[in-house]
1. Considering Cα pairs under 8 angstrom that are at least six residues apart, work out the relative contact order of the chain and quote it in whole percent.
2. Whole angstrom only: what separates the Cα centroid of segment 95-142 from the Cα centroid of segment 215-258?
3. For segment 205-270, which trypsin sites (Lys or Arg not before Pro) are both in a DSSP coil and crowded by at most 16 other Cβ atoms within 10 Å?
4. Kindly provide the chymotrypsin sites (Phe, Trp or Tyr not before Pro) of segment 163-268 that DSSP labels as loop, not H, G, I, E or B, and whose Cβ sees at most 12 other Cβ atoms within 10 Å.
5. May I ask for the equivalent-ellipsoid semi-axes of segment 2-152, computed as the square root of five times each C-alpha gyration tensor eigenvalue and listed largest first in whole Å?
6. How high is the relative contact order of segment 162-264, in percent, with contacts defined as C-alpha pairs under 8 Å that are six or more residues apart?
7. Using only the Cα atoms of segment 162-264, what are the Rg and Dmax in Å?
8. For segment 9-17, what does the Karplus curve 6.51 cos²θ - 1.76 cosθ + 1.60, with θ = phi - 60°, yield as ³J(HN,Hα) per residue in whole Hz, taken in order and with x for Gly and Pro?
Amino acid sequence: MLARPPIAPLRPFVRLLWAGFTRLASARPAREHVLPTGHMHLALRWAGPPLHLLGGAQHSEVESPGHAVVGGARAGYYAKQAGTHGWSVGAQFEPGAAGVLLRTSAADLAERHTALADVCGPGAVAELMERLQAQGNPAACLQVLERWLLARMAAQVRGLHPAVAAALASLHGGAPVHETVRASGFSHRHLVARFREATGLAPKQHARVLRLQMALAALGTPGLGAADVAADAGFADQADFTREFRDLTGVTPTDWLRAAPTQRNHVRVG
């Protein structure tokens with residue numbers, strides 16, 4: 001798998017680009033929990049099966065949004081089939097990218113996967129897939145996607161609203177949500193609406209995901225116990241940490257450590 005930052009003009013809106021080939025890991029697809037990161041993503045697959053999401057109470061209902069999808073920001077994990085083979089390329093977006101690159105609101109894409117053709121039009125997506133299929137290596141695929149995203153940039157590029165940018169910086173700095181809202185100068189409702197439009201999540205949801213990601217980065221560090229991780233990430237105690245962790249990921253911290261995921265936000269569960 002090849003991953004790198006985008007070229008300079010895209011960096012305010014694209015966090016990371018990636019491409020590679022996933023080989024069949026087992027005779028049958030496994031179930032995987034994909035943990036929330038607070039970011040939207042774009043994924044395109046070819047020469048293999050499309051994305052298969054698993055829904056329902058027992059994750060037994062299979063849904064396929066297609067080979068080219070936009071994954072909106074989520075406040076919790078989603079389940080998908082893992083272990084399938086094929087080429088794929090994608091991007092992880094920064095807050096504000098939905099309006100600039102996809103010409104829509106992040107709030108409209110949140111908590112679900114949407115076929116890219118429904119957002120950008122079937123003709124544009126078909127042309128992009130054809131160009132990707134003609135490439136012979138991941139680096140070339142990244143360049144194709146990069147040029148496509150650059151061409152998608154609105155002529156009049158607008159950055160994040162200053163209040164949203166300040167709120168994001170405040171939350172990433174560890175400030176409580178109520179202080180972040182008060183410092184914005186907007187009403188709670190107004191800030192939440194602008195924040196959702198840019199990120200897909202409300203400030204409180206975003207803060208929960210940030211706290212989870214902080215804990216995931218520390219979990220498994222030698223000499224650092226679960227109680228230490230909980231305290232450092234801002235949880236009330238270890239019990240609160242375990243409850244929140246399971247609610248957001250579908251597994252316990254112990255389950256996550258036992259799974260030993262090579263990518264911390266992708267956990268095999270069956």
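What follows draws every value from the coordinates through simple rules; no lab data is involved. Here the structure is a predicted model, which means the values were calculated and not measured. Positions of Cβ are backbone-derived with ideal geometry, glycine not excepted, and every protein chain shown enters the neighbour counts.
1. Normalised by residue count, the contact order of the chain is 23 percent.
2. 34
3. Arg264
4. none
5. 23, 19, 14
6. Here the relative contact order equals 17 percent.
7. Gyration radius and largest Cα-Cα distance of segment 162-264: 15.2, 45 Å.
8. x, 8, 4, x, 10, 10, 7, 7, 10
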